[in-house]
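These notes concern the structure reproduced below.
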Amino acid sequence: MNSLTKNLKGPIERIVFLQRKDGCIPWTEDGVFDAWNHLECVMALNTLGYSKEVDLGLSYLKKNQLDDGSWLGELGSTLDIDEKKGTFINKDIKSKVYFRDTNFAAYIATACWHDFLINNSVDRLTNNWEMIEKAINFVIENQMEDGSIRWAAKSLEAPKDDSLLTGCCSIYKSLICAINCSSQLNRENPNWTKSLKKLENAIKNKPESFDKTWESKKRFSMDWYYPVLCGAIVGKKAEERINSQWNKYVLNEKGCLCVLDQPWVTIAETAELAIALIKIQKKDKATELLSWINDYIDSDGAYWMGRQVTEKVFWPMEKPGWTSAAVILAYDALHNFSKGSKIFLDDHLI
């Protein structure tokens, strides 16, 4: 382990600590689960060579995948926060609201392609293929005529047809990874490629397709940088997009805001933005951005979720595994210390 990966000892130990015996990696101790954030942690574990924990995490998803290809998960936006303690209030299981989120399901393809890049194992990819195929077919079944993809399968909790820009951008990246997985195994599916092209057109040319009933989502910095992070917007247009709203979302020497109307810097968003900067050939800026979040590390080496910069307090007082995972993946993208370091930097179909 070199000096750089030693500095990531605290973040990776946080993820290992959070992983349960059955392989599930919840947000926090006794916290909620969703497949996307679980898989972000699995990718960080893979980056740093924790193969046993990776296998356990993938096995958990295989055992708990629903027949339609999705996973049940609780959205973070449905969680209440104890204002005094600054911690999530984890609801009684009977009162929890679960969703079959398309973005959560699609991310299995990104994690499995990342696993293949690192381990170069056709056997491992084959072993996970059925899980990938079922998940991606679930996602595509929820694609709408305009090319966007419904954020969740219809249910009593999600009755309206709406697509979220950030979620669809993440799905776009996952579709690229899914198609690459299928090509590697000689199991190409033309419908997946058609779906990818339709989604790309929506992201680039149909902004009205997204966030129609989730007005609050337009406050989020992720809607700004995710089209670049996922590879849908590239080149000069990508650079222009990042530059155009930099001063809105980035606080100098502090990090990236989560939302426009709150002085709340979040570490995961800052790490993801750093990867987007690397993609537009701004590695020095990415390095600087990541240096700012060194102030947001707890005594155990793990990262706090965010910092309320006006009141100068960490808020909420939580250290989600996916926050540490995002930082690990950003440092790998910057310093190339694993064979999976290009997972977010290379968006080409093989």
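Kindly establish whether Tyr172 is farther than 24 Å from Leu125 by Cα and in a helix (DSSP H, G or I). Answer is no for this residue. Scanning region 175-222 for residues that are of a type in the set (Lys, Arg), within 28 Å of Trp113 (Cα to Cα) and part of a helix (DSSP H, G or I) turns up Lys194, Lys197, Lys198, Lys204. Considering region 271-325, and only residues there that are over 22 Å from Asp34 (Cβ atoms) and among the β-branched types (Val, Ile, Thr), the residue that is nearest to the chain's Cα centre (by Cα) turns out to be Ile278.
Output the number of residues of region 324-350 satisfying the condition of being out of contact with any Pro (no Cβ under 8 Å at 6 or more places or on another chain), among the hydroxyl-bearing types (Ser, Thr, Tyr) and part of a helix (DSSP H, G or I).
Total satisfying the criteria: 1.
For region 242-259, indicate whether the set of residues that are within 15 Å of Trp224 (Cβ to Cβ), small (Gly, Ala, Ser) and in a strand (DSSP E or B) is non-empty. Yes: region 242-259 contains one or more residues that are within 15 Å of Trp224 (Cβ to Cβ), small (Gly, Ala, Ser) and in a strand (DSSP E or B). Checking each residue of region 304-311 against the condition of being within 18 Å of Thr110 (Cα to Cα) and either part of a loop (DSSP other than H, G, I, E, B) or touching a strand residue (DSSP E or B) at 6+ places or on another chain (Cβ under 6 Å) (or both) gives no match. Confirm whether Asp22 is in contact with a helix residue (DSSP H, G or I) (Cβ under 8 Å, 6 or more places away or on another chain) and exposed (fewer than 13 other Cβ atoms within 10 Å of the Cβ). Yes. Looking at Ala286, Ala238, just one residue is in contact (Cβ under 8 Å) with a residue 40 or more places away in the chain, touching a helix residue (DSSP H, G or I) at 6+ places or on another chain (Cβ under 9 Å) and buried (at least 21 other Cβ atoms within 10 Å of the Cβ), and that residue is Ala286. Taking every residue in region 139-166 that is crowded, with 16+ Cβ neighbours inside 10 Å and pairing it with any residue that is aromatic (Phe, Trp, Tyr) and part of a loop (DSSP other than H, G, I, E, B), at least 6 positions away or on another chain, the pairs with Cβ-Cβ distances below 7 Å are Asp162/Trp151; Asp162/Trp214; Ser163/Trp151; Leu164/Trp151; Leu164/Trp214. Residue pairs whose Cβ atoms lie under 9 Å apart, separated by 6 or more positions or on different chains, with the first residue in region 252-279 and among the aromatic types (Phe, Trp, Tyr) and the second assigned to a strand (DSSP E or B), are Trp264/Leu257; Trp264/Gly306; Trp264/Arg307; Trp264/Gln308.
In this structure, does Lys204 turn out to be of a type in the set (Lys, Arg), crowded, with 21+ Cβ neighbours inside 10 Å, more than 19 Å from Phe99 (Cα to Cα) and within 21 Å of the chain's Cα centre (by Cα)?
No: the conditions fail for Lys204.
Could you check, for region 190-204, whether at least one of its residues is among the aliphatic types (A, V, I, L, M) and either out of contact with any Leu (no Cβ under 9 Å at 6 or more places or on another chain) or modelled with pLDDT under 95 (or both)? The answer is yes; a qualifying residue exists.
If you go through region 1-37 and pick out every residue that is over 20 Å from Leu334 (Cα atoms), assigned to a helix (DSSP H, G or I) and touching a residue at least 60 places away in the same chain (Cβ under 8 Å), you end up with 7.
The values are calculated or read from the model by the stated rules, or taken from the named source; none is laboratory data. Bear in mind the structure is a predicted one, so any value in this text is a computation, not a measurement. Note that we place each Cβ from the backbone using ideal geometry, even for glycine, and neighbour counts take in every protein chain shown.
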